[in-house]
Amino acid sequence: MEQPSSSVRVRFAPSPTGQVHIGNIRTAIFNWLFARGHGGKFLVRVEDTDRERSTPEAIRVLFEVMEWLGLDFDEDPVYQSACVSRHKQVAEDLIARGLAYKSDKGASGMGEAILFRMPKEDVRFTDLIKGEIAKPGDSLQDFVIVRSDGTPVFHLANVVDDIDMGITHVIRGDDHVENTFRHIRLYQALGAPLPQFGHLPMIVNHQGKPYSKRDGAAFVGEFRDTGYLPDALFNFLSLLGWNPGDDREYMPREELVAAFDLARVQSSPAQMDLKKLSWMNGCYMADLPIALFREEAIRRLQAEGLVDAATDAAYVEAVLELIRSRVKVWPELIELAVYFFREDYPFDAKAVRKRLLKPGVSELLDRLREGYAGLSEWSESALDEALRSALGADQENAGTLIHPVRVAVSGQAGGPGLFEMLQVLGRDRVLTRLERGSRIAAGTLTVGE
Ligand code: GLU
């Protein structure tokens, strides 16, 4: 049965290992969206019982990543390692009630594992995402809940903590389906109401295999350090296994909260698509307040040595305005900006071959340079007009000059509108570069090899 909305209590229960995989954070996001959409509570439980991997540093990284993504949580986080005596007590109670036993039956000495007596009847449950799931009783076996060294096993700790935290919906990866059969029996043995379970589809690569670091960036920190925006990554991950039922993809957070629904989570694997993430990031880049964009862009240009205190601020401003809409992901800024700030910008060898190394191009560029040198007004329309007159009789084929000019002044095959770009670059840079372009076209100067 659906819980009354205000009673919804979900949790994100990671086992920190140092880096946070996007699959794990996607689980956190789905729980967060579910809680926020139902006016419920989103809790965090750090499953830190593996003391070797769950170092303070790994835990710090976990919370840092959550904060970066805006995954705020309610109540203090629960640390599983602090609940060990409670877990052991529960195991002892189960023994006292005949529902668990020590591995060496009847022996009371230390050093014995504790096993849960798994009832041998079929277990079935209705998964919120996968529907009816069942496991036949004859395939079920007793299982260890406390190891012989006295440490509680995941199954016991996980269930006891979920009960103690009053969790109503356990939403986690579908690698846990097998565990859930056991967990259901533990809940029942402990006399606790069953939460609802929802198992999220795996994230896979283009071959349908689990997405891993071999396929590309797989950890949240990598996306952050590359320069993806947290809201874009959040939006993108929300759509890995869920969709709003219409064709919306770019969905700011409030929209996601309003639309999110476990019933629309797919049960089939969700394919990771980095191109889509890049597109999504571009949407959020376009939304960035201009002041924020400018500040971060200048920081990056300075770090790259393209801009310093002496660079004309109005020029920087004009360049940023021109290229802003093309910066989909921060690292692209440098490639898009480099030729505005340096004369030794790189030349795309293919563009040079295709556009500059052609008969007649050198002469055309010379003719254009003369036209541009004599312009009384350095405006887009004047630049456009002068280019057309340099074409002479060949007005039909403006491309025969437009493309070479672009390659000459930027080194690249694509970019902002040519005349806007020339206008921003200014006369001195353009004349120098056309002259150099003409030499490249004539074969007297070699670049881009
Ligand atoms: N620590 C487990 C994991 O990260 C928790 C699973 C759960 O959410 O119950 O896979």
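General observations
- Members of segment 266-286 found to be in contact with a Gly (Cβ under 7 Å, 6 or more places away or on another chain) and under 12 Å from PHE236 (Cβ atoms), listed by number: ALA270, LEU274
- Selection count where residues are without any contact (Cβ under 8 Å) to a residue 12 or more places away in the chain and not in a helix (DSSP H, G or I), scope segment 240-261: 3
- Residue in segment 136-148 that is surrounded by fewer than 20 Cβ atoms within 10 Å (Cβ to Cβ), within 16 Å of the ligand (Cβ to nearest atom), touching a residue at least 40 places away in the same chain (Cβ under 8 Å) and not small (Gly, Ala, Ser) present: no
- When LEU383 is tested against (1) touching a Phe, Trp or Tyr at 6+ places or on another chain (Cβ under 6 Å); (2) outside any helix (DSSP H, G or I), only condition (2) is not met.
- Members of segment 1-22 that are within 25 Å of the chain's Cα centre (by Cα) and farther than 30 Å from ASP149 by Cβ: VAL10, ILE22
- Looking across segment 151-167, the residues that are within 11 Å of the ligand (Cβ to nearest atom) and either under 16 Å from PRO77 (Cα atoms) or acidic (Asp, Glu) (or both) come down to ALA157, ASN158, ASP161, ASP162, ILE167.
- Some residue of segment 65-80 being aromatic (Phe, Trp, Tyr), modelled with pLDDT of 95 or more and in contact with a helix residue (DSSP H, G or I) (Cβ under 8 Å, 6 or more places away or on another chain): yes
Residue-wise test of (1) without any contact (Cβ under 8 Å) to a residue 12 or more places away in the chain; (2) outside any helix (DSSP H, G or I); (3) among the hydrophobic types (A, V, I, L, M, F, W, C).
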site	(1), (2), (3)
GLU377	yes, yes, no
GLU396	yes, no, no
HIS403	no, no, no
VAL407	no, no, yes
ARG436	no, no, no
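- Scan of segment 12-34 for residues that are in a helix (DSSP H, G or I) and either of a type outside the set (S, T, N, Q) or in contact with a Leu (Cβ under 7 Å, 6 or more places away or on another chain) (or both), ordered by number: ILE22, GLY23, ILE25, ARG26, THR27, ALA28, ILE29, PHE30, TRP32, LEU33, PHE34
- Whether a residue is modelled with pLDDT of 95 or more, out of contact with any Ser or Thr (no Cβ under 6 Å at 6 or more places or on another chain), surrounded by 13 or more Cβ atoms within 10 Å (Cβ to Cβ) and of a type outside the set (S, T, N, Q) was assessed, and ARG253 passes this test.
- Any chance GLU343 is assigned to a helix (DSSP H, G or I) and among the acidic types (Asp, Glu): no
- Taken residue by residue, segment 44-62 has no member that is away from the ligand (no atom under 13 Å from the Cβ) and over 23 Å from CYS83 (Cβ atoms).
- Count of segment 270-309 residues, restricted to those that are outside any helix (DSSP H, G or I) and touching a residue at least 40 places away in the same chain (Cβ under 8 Å), is 4.
- Among the residues of segment 35-78, the ones that are free of Cβ contacts under 8 Å to residues at least 60 places away in the same chain, under 11 Å from PRO14 (Cβ atoms) and in a helix (DSSP H, G or I) come to 5 in all.
- Filtered residues of segment 218-268 (kept if of a type in the set (Ser, Thr, Tyr) and more than 18 Å from ARG36 (Cβ to Cβ)): THR226, TYR228, TYR250, SER267, SER268
- Once segment 168-186 is narrowed to residues that are within 9 Å of the ligand (Cβ to nearest atom) and either in contact (Cβ under 8 Å) with a residue 60 or more places away in the chain or among the aliphatic types (A, V, I, L, M) (or both), the residue that is surrounded by the most Cβ atoms within 10 Å (Cβ to Cβ) is ILE171.
The values are calculated or read from the model by the stated rules, or taken from the named source; none is laboratory data. Just so it is clear, the model here is predicted, and its values are computed rather than measured. Quick reminder, even Gly has a Cβ in these numbers, built from the backbone with ideal geometry, and neighbours come from all protein chains shown.
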